[in-house]
Amino acid sequence: MAELDALVTTCRACPRLVAWREEVAAHPRAAFAGQTYWGKPVPGFGPPDARILIVGLAPAAHGANRTGRMFTGDRSGDFLFAALHRAGMASSAHAVSADDGLRLTDVRITSPVHCAPPQNKPTVGERDNCAPYLERELELMAPTLRVAIVLGAFGWQALLGSLERSGWAIGRPRPKFGHGCVAAVSRGAQQLSLLGCFHVSQQNTFTGRLTPAMLDDVIAQAKSLAGMSG
């Protein structure tokens, strides 16, 4: 997994994303003046032998694109890591920087697009360029992975596509995304449960579309399906 993470950080496959992530890094927000931005693709974060994988969308321009770690340094990450901490899966409720000492237990976080996109909207082509990384990550986690929590419809479609290309039986009709939805996929004797959850974006958390209790419920369900107690 370390080799995959290192490979991700060198990718320059999408000219639009390369230009944007580097433009943002060269012009920090006033609140982050003087900080050196990461400005590269952001690899997954968490142990490779986790039983739960959280699949997001893409790094935030002034969050992970600044800090170099998934969901770190922005309010979306604050919401997510607080929930993981309540669930006993994160060593801290606060994610500030890549060297803040935060550790995850039995959960890994990734995204189908590893570069910050303009307006937080990657294209289908950019998703497809990044897909081999997600597929390899899934293969490396396959021996232990039991549940995927998918934050939003974009990640849901990306994950289904990657699983299908990797030989997983998705079933028909194709499972549709929705908050609280559950889908089961299989590959031989392997079983994987997919749980849909509204994204932890400010658009959802500030309006109450996604509340802490709702996210806690999804994480609790994921832990139960993964055979984790407590």
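The values are calculated or read from the model by the stated rules, or taken from the named source; none is laboratory data. As the structure is a prediction and not an experimental result, all values here were calculated from the model. Quick reminder, even Gly has a Cβ in these numbers, built from the backbone with ideal geometry, and neighbours come from all protein chains shown.
For this structure, a couple of remarks:
- Count of the range 13-35 residues, restricted to those that are within 16 Å of residue 127 (Cα to Cα) and of a type in the set (A, V, I, L, M), is 3.
- Residue count for the range 119-139, restricted to those that are small (Gly, Ala, Ser) and under 14 Å from the mean Cα position of the chain (by Cα): 1.
- Checked against (1) farther than 29 Å from residue 119 by Cα; (2) within 18 Å of the chain's Cα centre (by Cα), residue 190 passes all but condition (2).
- Among residues of the range 113-130 that are farther than 20 Å from residue 74 by Cβ and in a loop (DSSP other than H, G, I, E, B), those with a beta-carbon under 8 Å from a residue that is of a type in the set (D, E, K, R) and modelled with pLDDT of 95 or more at least six positions away or on a different chain give the pairs 123/16.
- Residues within the range 23-46 that are surrounded by fewer than 16 Cβ atoms within 10 Å (Cβ to Cβ) and either in a helix (DSSP H, G or I) or touching a residue at least 40 places away in the same chain (Cβ under 8 Å) (or both), tallied: 5
- The residues listed here are 159, 145; of these, the one that is assigned to a helix (DSSP H, G or I) and under 15 Å from residue 109 (Cα atoms) is 159.
- Only listed residue being surrounded by 15 or more Cβ atoms within 10 Å (Cβ to Cβ), at pLDDT 95 or above, closer than 21 Å to residue 122 by Cβ and touching a His at 6+ places or on another chain (Cβ under 7 Å), chosen from 151, 160, 194: 151
- Within the range 1-40, restricting attention to residues that are at pLDDT 95 or above and of a type in the set (Gly, Ala, Ser), the residue that is farthest from residue 61 (Cα to Cα) is 2.
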